[in-house]
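The values are calculated or read from the model by the stated rules, or taken from the named source; none is laboratory data. Only a predicted model underlies this, so the values are computations on that prediction, with no experimental measurement involved. Note that we place each Cβ from the backbone using ideal geometry, even for glycine, and neighbour counts take in every protein chain shown.
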Amino acid sequence: MVTLSENTLQEIEKAASKYVDRKSALMAALWAAQAEFGQLSPDVIEAVAEVIGVSNAKAQGLATYHSLYWKKSVGKYVVMLCTNIACTLMGAETLLEHLEKKLGIHEGETTPDGMFTLQEVECIGSCGNAPAMVINETFYYDLTAEKIDGILGSLK
Amino acid sequence: MEKILLKNADVPNINDIDVYIANGGYKSLDKAFQMGSTAVLEEVKRSGLRGRGGAWFPAGMKWQFCVEVNKFPKYLIANADEGEPATFKDRPFLEKDPHQLIEGMIVSAYAIGASKGYIYLRGEYPQGYKVLNAAIDQAYKKNMLGNNIKGTDFSFDLAVHRGAGAYICGEASALIESLEGKRGQFRVRPPYMATHGAFGMPTVVNNVETLVNVSHIINGGADWWSSIGSKDSPGPKVFGISGHLQRPGLYELPMGVTLRELIYEHGGGIKDGKELKAVIPGGVSTAMLTPEHLDIKMDVKSLQSAGSAIGSGATTVMSEDACVVHMVWRAMAFFYHESCGRCTPCREGTDWMVKILARIENGEGRTEDLKILEDVCHTIHNNCFCPLGEGAVNPVLSGLKYFRQDFEEHIRTRGCPKGLRARARH
Ligand SMILES: Cc1cc2nc3c(=O)[nH]c(=O)nc-3n(C[C@H](O)[C@H](O)[C@H](O)COP(=O)(O)O)c2cc1C
Ligand code: SF4
């Protein structure tokens with residue numbers, strides 16, 4: 001089993017103090033662990049479960065229930081392109097194909113150099129500026145293929 | 001209309017509490033404390049404020065149920081999950097103008113008698129997480145939150161609970177399960193949330209925009225507030241319009257604005273001068289409508305009479321360039337992805353419908369497919385625990401009702417006339 005850093009443990013305790021029952025902090029703890037390890041592998045989730053005081057099965061179950069907890073390893077940059085209705089109407093599907101070609105991977109995969117993971121996501125609340133995507137925590141709006149090339153080129 | 005809810009949209013640094021106060025913020029607290037909690041509750045009831053999260057339940061009535069329960073502490077939760085596709089109306093209050101939400105929550109909690117609050121924030125808004133937490137810290141420092149707020153005997157603690165991507169967690173009872181650290185799944189009522197909500201305590205869950213309106217009701221009075229909008233559903237509303245429009249975006253307008261005004265006046269009309277084909281008035285789980293419905297008012301009753309619903313008021317417009325079959329397939333892929341899997345009709349039905357819609361779109365549809373789609377919809381309807389399943393059938397049934405010939409054409413000509421394809425997701 002892995003050990004969570006002092007920093008992560010502190011963050012988890014801070015979160016736990018906000019609820020009458022520390023089990024409520026399980027989501028916050030998974031977020032904190034994901035920030036530290038970049039992904040939630042089974043042993044990371046197990047460590048979180050122990051700190052929170054829930055069964056491993058429960059923590060694994062919660063992690064798999066949510067799409068923003070990465071259970072597989074992901075690249076340095078996770079490119080999340082929205083293909084829900086507003087973005088699809090504005091051409092997101094063409095952009096998805098463009099991204100696949102450009103990165104040389106299929107949706108759901110990571111480039112061999114570990115730089116980029118490409119993921120199709122549901123609505124990211126950017127419908128007034130569709131098509132839109134998020135890379136890690138940065139939003140990009142009113143996308144075109146050229147814009148995407150520029151954005152990817154600027155990421156090192 | 002003079003902006004009320006979005007009045008701070010262009011004020012720089014409005015996320016800073018001093019700027020917010022300098023712009024008239026937190027005034028409703030003084031007024032509310034002066035009025036007393038019962039009078040605040042009565043004022044909100046009298047305003048006719050209805051919840052803006054989708055169900056449009058009268059807010060004052062929901063609060064009243066909770067007030068009547070003699071069990072403490074009580075909880076007030078702001079639903080900031082904003083998961084209904086094409087909805088982006090709460091985002092300004094989460095990322096730019098957080099104090100408006102916090103102020104609304106304090107006044108609402110005071111009326112309800114709630115001493116604990118959470119903002120359940122969707123995981124997709126990381127910026128909101130930072131902004132809200134910083135704003136809450138500031139509000140504590142100014143004693144707008146915490147013990148004995150502004151020298152009164154009212155205390156209220158507030159924290160942000162961050163979701164991690166699951167549409168169902170926006171449903172109020174699933175949200176509470178998720179808040180408690182469990183998988184967000186629908187809770188069968190009774191017991192009701194007014195008596196057994198978060199941690200078994202009396203709880204009110206309200207949408208962000210509902211709570212934001214409360215301070216304005218207190219500041220301006222119920223009479224002024226309800227003079228805006230329509231009788232059936234009064235007040236101002238943030239409408240998010242998207243899709244094939246010249247000017248998509250957020251517009252604050254009175255309830256009861258017509259679809260025509262929304263699309264042509266505010267949205268600038270259809271993109272590239274094309275013809276309107278279809279419009280989804282209130283988010284993906286509401287039935288789509290056609291150009292014939294343009295004079296319908298955006299309020300609860302009018303859209304219901306038209307066979308649809310106002311939902312979150314997220315209006316998505318499709319021009320003649322859109323393929324309705326493709327959009328219905330896309331909507332169903334969403335519902336399949338988001339089904340929590342507990343009820344067989346919802347889990348299996350959405351899966352089956354995605355497959356059928358994909359094969360129709362990709363030129364492998366069969367004549368009997370349309371009948372199968374309808375049958376699956378009827379099985380889901382009334383056979384599911386929660387309204388997610390109910391919502392999933394709306395795009396299909398409305399699509400078949402108004403655009404059946406498009407589905408038939410796909411089947412007859414073995415493909416999509418617009419050359420689109422439904423691709424499997426990894
Ligand atoms: C599947 C599903 C998802 C929902 N998602 C949201 C949401 O993201 N935000 C929201 O405010 N309400 C959402 N709701 C509605 C809530 O259940 C609840 O009615 C609402 O938060 C109550 O607040 P209001 O009375 O102020 O509208 C959802 C409902 C369902 C069935
Ligand atoms: S209707 Fe669907 S989402 Fe709702 S409880 Fe049943 S399976 Fe879950």
Taking region B:343-388 and the residues there that are within 14 Å of ligand 2 (Cβ to nearest atom) and among the acidic types (Asp, Glu), the one that is nearest to B:Arg404 (Cα to Cα) would be B:Asp351
Would you check if there is a residue in region B:33-48 being surrounded by fewer than 24 Cβ atoms within 10 Å (Cβ to Cβ) and of a type in the set (Phe, Trp, Tyr)? yes
When only residues in region B:161-200 that are facing chain A (nearest Cβ under 9 Å) and among the basic types (Lys, Arg) count, which is surrounded by the most Cβ atoms within 10 Å (Cβ to Cβ)? B:Arg162
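Only residues that are more than 16 Å from ligand 2 (Cβ to nearest atom) and assigned to a loop (DSSP other than H, G, I, E, B): list them for region B:31-54, please.
Step one: filter region B:31-54 for residues more than 16 Å from ligand 2 (Cβ to nearest atom), giving B:31-53.
Answer for region B:31-54, where residues must be more than 16 Å from ligand 2 (Cβ to nearest atom) and assigned to a loop (DSSP other than H, G, I, E, B): B:Gly36, B:Gly48, B:Leu49, B:Gly51, B:Arg52, B:Gly53.
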Scan A:Ala63, A:Ala47 and give me the residue that is more than 12 Å from chain B (Cβ to nearest Cβ), in a helix (DSSP H, G or I) and small (Gly, Ala, Ser). A:Ala47
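Look through region B:315-337, keep the residues that are facing chain A (nearest Cβ under 7 Å) and of a type outside the set (Phe, Trp, Tyr), and return whichever of them is nearest to A:Ala130 (Cα to Cα).
Initially, region B:315-337 is screened for residues facing chain A (nearest Cβ under 7 Å), giving B:316, B:318, B:322, B:327, B:330-331, B:334, B:337.
Next cut, of a type outside the set (Phe, Trp, Tyr) only: B:316, B:318, B:322, B:327, B:330-331, B:337.
Working: B:Thr316: 12, B:Met318: 14, B:Ala322: 15, B:Met327: 15, B:Arg330: 16, B:Ala331: 16, B:His337: 21 Å.
This residue is B:Thr316.
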I'd like the full set of residues that are of a type outside the set (S, T, N, Q), surrounded by fewer than 22 Cβ atoms within 10 Å (Cβ to Cβ) and more than 16 Å from ligand 1 (Cβ to nearest atom), limited to region B:325-355. B:Glu348, B:Asp351, B:Trp352, B:Lys355
Starting from residues that are farther than 20 Å from B:Glu338 by Cβ and part of a loop (DSSP other than H, G, I, E, B), keep the ones in region A:78-94 and report whichever is farthest from the other protein chains (Cβ to nearest Cβ). A:Gly91
When you scan region B:69-96, how many residues do you find that are surrounded by 24 or more Cβ atoms within 10 Å (Cβ to Cβ), away from chain A (no Cβ under 11 Å) and farther than 25 Å from B:Pro191 by Cβ? 1
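Can you confirm whether B:Val324 is at pLDDT 95 or above, hydrophobic (A, V, I, L, M, F, W, C) and under 28 Å from B:Pro248 (Cα atoms)?
Values: at pLDDT 95 or above: yes; hydrophobic (A, V, I, L, M, F, W, C): yes; under 28 Å from B:Pro248 (Cα atoms): yes.
Yes: the conditions hold for B:Val324.
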Under 9 Å between Cβ atoms, at least 6 apart or on separate chains: pull out the pairs that start in region B:121-135 with a residue that is over 14 Å from B:Asp90 (Cβ atoms) and in contact (Cβ under 8 Å) with a residue 60 or more places away in the chain and end on any residue that is among the hydroxyl-bearing types (Ser, Thr, Tyr) and away from ligand 2 (no atom under 16 Å from the Cβ). B:Ala135/B:Tyr20
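Keeping to region A:1-33, report how many residues are part of a loop (DSSP other than H, G, I, E, B) and at the interface with chain B (Cβ under 10 Å from one of its Cβ atoms).
Matching residues across region A:1-33 total 5.
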Spot the failing condition for B:Ser242; the list is (1) at positive phi; (2) crowded, with 18+ Cβ neighbours inside 10 Å, and only one is missed. (1)
Please determine whether any residue of region B:374-381 is within 16 Å of ligand 1 (Cβ to nearest atom), surrounded by fewer than 20 Cβ atoms within 10 Å (Cβ to Cβ) and part of a loop (DSSP other than H, G, I, E, B). yes
With respect to B:Ala309, determine if the residue is within 15 Å of ligand 1 (Cβ to nearest atom) and either closer than 21 Å to B:Leu420 by Cβ or of a type in the set (Asp, Glu) (or both). no
Count, please, the residues in region A:66-77 that happen to be away from every other protein chain (no Cβ under 13 Å) and polar (S, T, N, Q). 1
Please find, within region A:50-59, the residue that is surrounded by the fewest Cβ atoms within 10 Å (Cβ to Cβ) out of those that are more than 11 Å from chain B (Cβ to nearest Cβ) and either in contact with an Asp or Glu (Cβ under 8 Å, 6 or more places away or on another chain) or without any contact (Cβ under 8 Å) to a residue 40 or more places away in the chain (or both). A:Ala57
Restricting to region B:198-243, name every residue that is under 24 Å from B:Glu68 (Cα atoms), among the small types (Gly, Ala, Ser) and within 14 Å of ligand 1 (Cβ to nearest atom). B:Ala198
